[in-house]
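Before any comments, here is the structure.
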Amino acid sequence: MKLNLLYILSFLFLFSCKEKEVKIIPVKNVFANNSKRGLFAVNENVIWASGTDGVVLATLNNKDWSKFENTALAHLDFRDIHAFNEKEAIIMSSGDGCEIYKLIDRGKIWNKVYENKQEGVFFDGMDFWDDKNGIAFSDPIDNQIYMITTNDGGNTWGKLISITLPKTLKGEAGFAASGTGIVCVGDSSVYIGTGGGEKSRVFISHDRGLNWSTVNTPMRTGEASGIYSMVFLDELNGVAVGGNYLDSASTDGNCAITSDGGLTWKIPKTYPIGYRSCVAYNGKGVLIATGRNGIDVSYDKGMNWKHVSDDAYYSCVINGGSGWLTGRSGKMAQILIE
């Protein structure tokens, strides 16, 4: 009886650790030929995407996409998007100045909910703890990361004031590669990844931005280098990816992992094969990272990575057994995990 039980437990362990096959299926003839960096999955079926040319896409069945367009906003690059459901989403522009819009009734209504033309403002990303409370961040103003928050589902935004927010280092800033350099975890924690300075750091708050601390990471440092994207699997385990987008084939400091809630970070045993602009988690043991020279997956919390494609994409989302990738000039692909 004990031998049989041991055999069963061993079989279940081996089965649970088996690497699932990840398939990348390019989508042809996408009618929106804009570049898309903003990507968000509400669930396995409802996914939203945003980018250039005033175009936003959404699907309700994880297959057929609808386009919502506002030609008056074609000059903006909406590099981040957060959707609450199949009808409502928030889009944030990056570049000199920032505009944030709330889309209602599946893109029939575009309400401007925030605008900032202050010199030096360049918003890099946003995230939400729940359907009401969210936070967005910009490159530093007066040597401090500039942040805004909302507590009404993105209808209004206000500047976040913190007396403990550390000063930024010379050249330190965020990256708007996929809008995922900021991640909200649990009810109150938020992490912001930076680069460009002598250290690539993570800014951490556990009270929705009231108080902050920083930790150094082993991610690559210097111009165009650092943390471009982060994801947390739970309140303790997280993954950061990046590197240097000017040296996209280099693996130097392009990935770091934490198992203690961001207090310490270390380089994994093996890593993605180059610069990565986005990392995502499917909630069931599979991580995927994408960038200029391809796509990699991890099945062990980011400790080891396997290269699965040479195709280049900006952003990725995965939820359960499927997900999506978006890139430049209308490029999109579906992810299937089997």
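Run lengths n ≥ 4 of DSSP H only: what is the helix-derived mean residue ellipticity at 222 nm for the chain, with -39500 (n - 2.57) per run over all residues, to the nearest 500?
-1500 deg cm²/dmol
For a quick check: sort C316, C184 by the number of other beta carbons within 10 angstrom, fewest at the front.
Ordered from fewest to most neighbouring Cβ atoms within 10 Å, C316, C184 come out as C184, C316.
Given R₀ = 35 Å, what would the calculated FRET efficiency be for K117 paired with D260, taking r from the Cβ atoms and rounding to 0.05?
With R0 = 35 Å, the Cβ-Cβ based efficiency is 0.30.
On average, how much area does the Cα convex hull of region 97-214 cover when viewed from any direction, in nm²?
One quarter of the hull surface, i.e. the mean projection, equals 7.2 nm².
Just subtract the alpha-carbon distance of E86 and D300 from 0.36 nm times their residue separation and send over the number in nm, one decimal.
73.8 nm
List the residues of region 199-216 whose backbone N lies under 18 Å from a point placed 7 Å from the Cα of S188 along the Cα-to-Cβ direction.
Under 18 Å, as judged by backbone N against the label point of S188, lie 204-214 of region 199-216.
Please list, ordered by chain and number, the residues whose modelled amide H lies under 5 Å from the amide H of G95; skip anything fewer than 5 residues away on the same chain.
F123
FRET efficiency for K20 and L60, Cβ-Cβ distance as r, R0 = 25 Å, nearest 0.05?
The calculated FRET efficiency here is 0.50.
Can you give the Kirkwood hydrodynamic radius for the chain, in Å, rounded to one decimal and based on Cα pairs?
After inverting the mean inverse Cα-Cα distance, the result is 20.0 Å.
Excluding E99 itself, calculate the net charge of residues whose Cβ lies under 15 Å from the Cβ of E99, where each Lys or Arg counts +1 and each Asp or Glu counts -1.
The answer is -2.
Run the paramagnetic zone check for E69: 7 angstrom along Cα to Cβ, then residues of region 36-60 with backbone nitrogen under 18 Å.
Answer for region 36-60: 36-37, 49-59.
Could you give the length gained by full extension between R292 and N143, i.e. 0.36 nm per residue of separation minus their alpha carbon distance, to one decimal place?
Roughly 50.6 nm would be gained on extension.
In nm, give the distance between the simple-model label positions of E235 and D96, each being 7 Å from the Cα along the Cα-to-Cβ direction.
Label at E235, label at D96, 4.5 nm between them.
May I ask you to list the aspartates and glutamates whose Cα is less than 17 Å away from that of K87, ignoring any residue fewer than eight positions away on the same chain?
E44, D64, E69, D105, D130, D131, D152
At R0 = 25 Å, how high is the FRET efficiency between E198 and N151 if r is their beta carbon distance? Nearest 0.05 is fine.
After rounding to 0.05, the efficiency reads 0.10.
For N111, what is the net charge nearby, where nearby means another residue's Cβ is under 15 Å from its Cβ and Lys, Arg count +1, Asp, Glu -1?
Net of charged neighbours comes to 0.
Could you state, as a whole-number percent, how many of the C-alpha pairs of region 254-338 are farther apart than 19 Å?
Tail of the P(r) past 19 Å holds 34 percent of the pairs.
Where a number appears in this text, it was derived from the coordinates with a stated rule and is not lab data. Here the structure is a predicted model, which means the values were calculated and not measured. Ideal geometry is used to build each Cβ from the backbone, glycine not excepted, and the neighbour counts take in all protein chains shown.
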